[in-house]
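A short write-up of the structure that comes next.
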Amino acid sequence: MKPAWAWQFEPGTLQRIDTQLPAAITREWAWGGSTGAGIKVAVVDSGIDGSHPRVGSVAGGAVVLADPDATRGARVIEGPHEDLFGHGTACAAIIRAAAPDAELYSVRVLGEKLTGRGAVFAEGMRWALANGMDVLNMSLSTSRADYYGLFHEITDAAYFKHAMVVCAVNNVRAPSYPSQYASVFSVAAHSGRDPFHLDYNPAPPVEFGAPGIDLEVAWLGGKTIRATGNSFAAPHISGLIARILGKHPGLTPFQMKTVLMAVADNAS
Amino acid sequence: MGDDALADLAQLAADLGPVLRPRGNEEFLQALVETARLVFDAAACSIALLDEDEEQLEFRVAAGVGAEMTVGLRIPVDRGIAGWAVVAGQPIAIDDVRQDPRFAADVAETTGYVPRSIMAMPLESERRTFGVIEVLDRRQSGGEGAEDMELLALFARQATLAVETSQIFSNLGQALFEAAALAAPGEDLRSALEKRAIAAPRAQTELAELALLFHDLGRLGGEERLAAARIVDDFLAYARKRQR
């Protein structure tokens with residue numbers, strides 16, 4: 001008798017894997033020559049203004065609305081939509097700068113009202129996963145303990161699908177979801193300006209540092225604005241991940257963390 | 001309502017009201033925004049709280065330029081920088097707000113004062129989101145954006161605790177009054193509270209039960225009340241340690 005799941009490791013059943021990781025991981029190996037082509041990145045935020053010169057184009061997207069009558073408390077309307085605040089456009093432009101040929105998708109979950117927000121965030125993430133997104137940029141968070149289980153379930157699902165969920169951590173020194181989970185790439189701002197300046201924090205929960213202080217970012221009406229927030233640090237990491245995936249499709253989230261750690265500015 | 005219940009309720013309110021009621025929530029928030037404005041050397045600081053439908057933010061307290069115009073102002077939560085902070089659960093600082101055409105027009109119409117910079121942080125506990133604190137035109141920080149945000153986080157935490165405490169007290173008061181209002185003629189408050197505890201939705205059940213316990217405590221002697229207060233105090237210290 002064999003325990004459950006043991007069949008997966010039977011000779012003939014177990015697939016050969018290509019670990020892809022070289023002996024020494026360099027930036028040249030990681031993303032040299034890559035433009036992020038073929039990689040789908042979902043900006044789960046306030047919408048994206050595709051006409052902004054720094055964004056270029058939006059490949060598609062959906063608006064998620066709270067709906068108490070829907071099975072999971074939210075419904076999805078696919079199609080073009082505007083950016084309600086400007087923030088999603090800022091994130092999209094940061095990702096575009098690092099991965100010029102990546103496909104950007106807008107998943108608008110912010111707006112309207114707050115009631116049902118957890119269900120809306122979750123449904124937006126589900127839409128992104130169901131539509132084959134490789135990277136999900138989540139420059140948003142909640143401290144609400146009610147959502148702990150819901151987000152845990154979805155981020156785990158993303159991890160097992162090899163989707164990279166990149167989350168801005170909250171500024172307050174208290175748990176915030178989904179940035180709190182080990183399965184996601186949690187990001188806070190460091191004071192650097194170089195978009196390729198990436199730090200790895202060996203003492204998580206915040207694992208990665210990227211620019212997010214006093215940056216000139218894209219905003220509504222084709223303009224730019226000077227802004228600060230961890231929410232601008234996350235898309236820097238999303239962009240780098242898209243760039244790396246463009247060159248090494250099929251990397252798993254744990255491999256991606258290894259690569260980012262190896263090429264971090266504070267790595268020896 | 002039963003006469004007994006009414007008498008009990010009046011007694012209970014008189015005994016416990018001054019102890020439980022968080023003194024002057026609005027005054028506290030006002031003092032907080034005044035302090036924050038001074039610390040940041042800012043043109044203005046304000047706190048807006050979400051309405052019941054969570055569709056609008058209403059400015060409750062403000063200090064500095066345009067304070068009178070700001071208090072009472074309502075803005076939809078799906079607009080502007082403060083709105084984004086609330087819906088995204090993330091702090092944000094913008095240093096040239098005038099570049100945001102929609103925001104500038106909205107604000108100019110309402111307060112007449114269009115700031116250059118704005119820093120907004122959500123007021124959020126692990127139970128719910130209450131609103132936002134924002135600082136307008138703080139001193140030129142020159143690369144200290146991150147430190148400013150850490151500092152504002154401390155003010156936001158205080159404001160959140162104050163608002164949450166006040167709302168818990170209101171809920172407790174509501175539970176008491178509903179129990180009294182629904183008491184059958186001749187029924188005393190204890191059994192009315194029990195009914196209320198059973199009928200309440202889960203989140204409020206604990207509050208109703210707590211009210212029941214306070215009711216019973218209030219009838220005990222002074223020494224017993226003192227002992228109970230010490231036990232609650234010790235438990236709180238223990239619970240806080242566990243949370244750390």
*asked:* Which count do you get for residues in region A:34-60 that are of a type outside the set (Gly, Ala, Ser), touching a Ser or Thr at 6+ places or on another chain (Cβ under 9 Å), more than 14 Å from chain B (Cβ to nearest Cβ) and part of a strand (DSSP E or B)?
replied: 1
_Checking B:Arg102 against (1) assigned to a strand (DSSP E or B); (2) facing another protein chain (nearest Cβ under 7 Å); (3) not small (Gly, Ala, Ser), only one condition comes out false. Which one?_
(1)
*For A:Thr115, work out the one condition from (1) more than 12 Å from chain B (Cβ to nearest Cβ); (2) among the β-branched types (Val, Ile, Thr); (3) more than 15 Å from the chain's Cα centre (by Cα) it doesn't fulfil.*
(1)
_Residues satisfying the stated conditions in region B:65-96, i.e. part of a helix (DSSP H, G or I) and charged (D, E, K, R)_ = B:Glu68
*asked:* With the structure loaded, tell me whether B:Gln56 is within 23 Å of A:Asn170 (Cα to Cα) and within 11 Å of chain A (Cβ to nearest Cβ) or whether it fails that test.
replied: yes
*Is at least one residue of region A:122-134 among the small types (Gly, Ala, Ser) and assigned to a loop (DSSP other than H, G, I, E, B)?*
yes
_Exactly one of these conditions fails for A:Asn171: (1) away from every other protein chain (no Cβ under 14 Å); (2) under 17 Å from A:Ser231 (Cβ atoms). Give me its number._
(1)
*Under the condition of being surrounded by 23 or more Cβ atoms within 10 Å (Cβ to Cβ) and among the aromatic types (Phe, Trp, Tyr), which residue from region A:188-224 is nearest to the other protein chains (Cβ to nearest Cβ)?*
A:Trp219
_Quick check on region A:75-110: of everything there that is of a type in the set (Gly, Ala, Ser), part of a loop (DSSP other than H, G, I, E, B) and buried (at least 24 other Cβ atoms within 10 Å of the Cβ), which residue is nearest to the other protein chains (Cβ to nearest Cβ)?_
A:Gly86
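Read the figures in this text as sums done on the coordinates, not as results from a lab. Remember, it's a predicted structure, so these values are computed and weren't measured experimentally. In this analysis, Cβ positions are derived from the backbone assuming ideal geometry, glycine residues included, and neighbour counts consider all displayed protein chains.
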